[in-house]
Amino acid sequence: MKTGFLFFLGGLLALSATAQNEMLYVGTYSVRGSEGIYVLEFNRKAGTLRLVSTAGGAKSPSFLAFHPLGGYLYAVNEGAEGGAVTAYALDRKTGGLTLLNHQPSVGRGPCHISLDRTGRAAFVSNYGEGTFTVLPVLKDGKLGAPTDSVRFAGSGPNAQRQNKPHAHSATVSPDNRFVYVCDLGTDRIYIFEIDPTKGKVKPAKTAFKTVNPGSGPRHFTISPDGKFAYLAEELTSTTAAFSIDAQTGSLATLQDGVATLPAGFSGNNTSADIHTEPSGKHLYQSNRGHNSLAIFSIGKDGKISLVGQQDTMGKTPRNFLVDPKGEFVFVANQDTDNITVFRRDAKTGLLTYTGNSVSVPAPVCLKLLELK
């Protein structure tokens, strides 16, 4: 009886351990020997990462997105001729990936992908051609042929970077009614209503929000309570804060041009990624050049205050990930081929380097998944 009980208990512990396995998926550029998407096991207790597997079969699978119901992963292929998107089946026991299919992205240089919260529609931002594309997600996880595409028009004052539209990201609202598309080339955040069943979008009542000329909207994040939003302004290395109208999805400016760099910094820098953390009390934004994460506190009114910067222990922090539990931050340093791990102080928002780093060629995007 005792032996049977211990065997039963051991089985439960094994199942529990499996349920707690966490995998970090890394999108990369196809340079310096990259093998595609890297799958790393995260040891939460030690704060370490260990390579488990890789998935090839597509050129430069850079930005990634999970299916909200699990079981599938999607990647844009910036290096593919004409632009493409790839679907993978995800093994929830091992974390491994199996290629399912490819679809065109209807535009060159796709740089971002997201899914609506039902998992029926994928949204792709094509930087090179200034188009925003909707692809249906089929029941077997494969991507269907594009069902909608919007081509933006216009330019901005920065002749080198804003000579034409450059769609850079699409962020879905928590209520799944709207998607916010950042266009770096026109200094606009376009707002669309979503019809995931038909795979269509249409301009919202307020079709766009114009931001500071020359700021270059790149990535956009929404607070956990859905009341506020924050914009990474790439070209000016600044942040903008907005309140969100729950009915119309429109944005009202709370702050703009908030500096992410320390006073006196005179080097070259462009901002990249931006995220809040689970409690909604802090905001982070990556700086490529200064090679740091800017750390902000968020007030009850949604406004932000710069707390400081954290060295990312690498060069060109492209994308970063705030752990869904709020305990860690992972940074993808694109030009030093490493991912660094930081512990996060929940009260202050400050980060402490764990000393843990793992080598991955040209890391671009990080996504964490707890296996079931």
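The values are calculated or read from the model by the stated rules, or taken from the named source; none is laboratory data. Note that the structure is predicted; figures quoted are calculated from it, not measured. Glycine gets a Cβ as well: all are built from the backbone with ideal geometry, and neighbour counts include every protein chain shown. For the accessible areas, the whole protein counts, side chains as well, though only heavy atoms, and no ligand, DNA or RNA atoms are used. Shrake-Rupley method; radii C 1.70, N 1.55, O 1.52, S 1.80 Å.
Listing for the model above:
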quantity	calculated
Sole residue being of a type in the set (Gly, Ala, Ser), open to solvent by 10 Å² or more (accessible area, probe 1.4 Å) and in contact (Cβ under 8 Å) with a residue 60 or more places away in the chain, chosen from GLY71, GLY95	GLY71
Flag if SER305 is of a type in the set (S, T, N, Q), without any contact (Cβ under 8 Å) to a residue 12 or more places away in the chain, in contact with a Gly (Cβ under 8 Å, 6 or more places away or on another chain) and surrounded by fewer than 19 Cβ atoms within 10 Å (Cβ to Cβ)	yes
From GLU234, GLU193, residue being modelled with pLDDT of 95 or more, open to solvent by less than 10 Å² (accessible area, probe 1.4 Å), in contact with a Lys or Arg (Cβ under 6 Å, 6 or more places away or on another chain) and acidic (Asp, Glu)	GLU234
Residue check, LYS315 exposed (fewer than 15 other Cβ atoms within 10 Å of the Cβ) and free of Cβ contacts under 8 Å to residues at least 12 places away in the same chain	no
Test: residue in region 287-297 that is crowded, with 19+ Cβ neighbours inside 10 Å, in contact (Cβ under 8 Å) with a residue 60 or more places away in the chain and out of contact with any Gly (no Cβ under 7 Å at 6 or more places or on another chain)	no
Test result for LYS325, surrounded by fewer than 19 Cβ atoms within 10 Å (Cβ to Cβ), more than 19 Å from THR28 (Cα to Cα) and among the charged types (D, E, K, R)	yes
Entirely in region 176-291, the strands (runs of 3 or more DSSP E) that have 2 or more residues that are farther than 26 Å from ARG120 by Cα	200-210, 228-233, 238-244, 251-259, 270-276, 282-288
Candidate set: region 147-175, residues that are outside any loop (DSSP other than H, G, I, E, B) and open to solvent by 40 Å² or more (accessible area, probe 1.4 Å); chosen: the one farthest from VAL85 (Cα to Cα)	ARG151
Of all residues making up region 294-313, the number that are part of a loop (DSSP other than H, G, I, E, B) and on the phi < 0 side of the Ramachandran plot	5
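Let's see how each residue does on (1) of a type in the set (Asp, Glu); (2) modelled with pLDDT under 95; (3) under 16 Å from the mean Cα position of the chain (by Cα):
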site: TYR25; (1), (2), (3): no, no, yes
site: GLY33; (1), (2), (3): no, no, no
site: VAL39; (1), (2), (3): no, no, no
site: LEU49; (1), (2), (3): no, no, no
site: GLY56; (1), (2), (3): no, yes, no
site: PRO61; (1), (2), (3): no, no, yes
site: HIS67; (1), (2), (3): no, no, yes
site: ALA75; (1), (2), (3): no, no, yes
site: ASP91; (1), (2), (3): yes, no, no
